[in-house]
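Data first, discussion second: the structure below is written as structure tokens.
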Amino acid sequence: MLSTILNNNTLLQIGVGFLLSFLLSLVITPVVRQFSLKINRVSFPGQDRWHSKPVPLLGGLAIFAAFTVS
């Protein structure tokens, strides 16, 4: 029964959707990172932080955008 639900066409659609989302996130993430640094939306190093350089805070936006577009 599962094989009739997940036929080749459905698996192909899932695979294309995953690949498209992955590639879009690879392209969008550096753009959003630069934008985040430009508008100073970063987490600065501090006593309660483990990083030593400012870290952009809008990375989730890139992943969400890639997911939404795909």
Query - Where Asn40 falls short, out of the listed (1) modelled with pLDDT of 85 or more; (2) in a helix (DSSP H, G or I); (3) not small (Gly, Ala, Ser) - result: (2)
Requested in this report: Have a look at Val55, Val31, Val27 and point out the one that is surrounded by 14 or more Cβ atoms within 10 Å (Cβ to Cβ) and modelled with pLDDT of 80 or more.
Outcome: Val55
Query raised in the report: Just a yes or no: is a residue in the range 7-19 surrounded by 12 or more Cβ atoms within 10 Å (Cβ to Cβ), modelled with pLDDT of 80 or more and touching a helix residue (DSSP H, G or I) at 6+ places or on another chain (Cβ under 9 Å)?
Result: no
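The values are calculated or read from the model by the stated rules, or taken from the named source; none is laboratory data. Being a predicted model, the structure only gives us computed values, none of them experimental. All Cβ positions, even for glycine, are placed from backbone atoms using ideal geometry, and neighbour counts span all protein chains on display.
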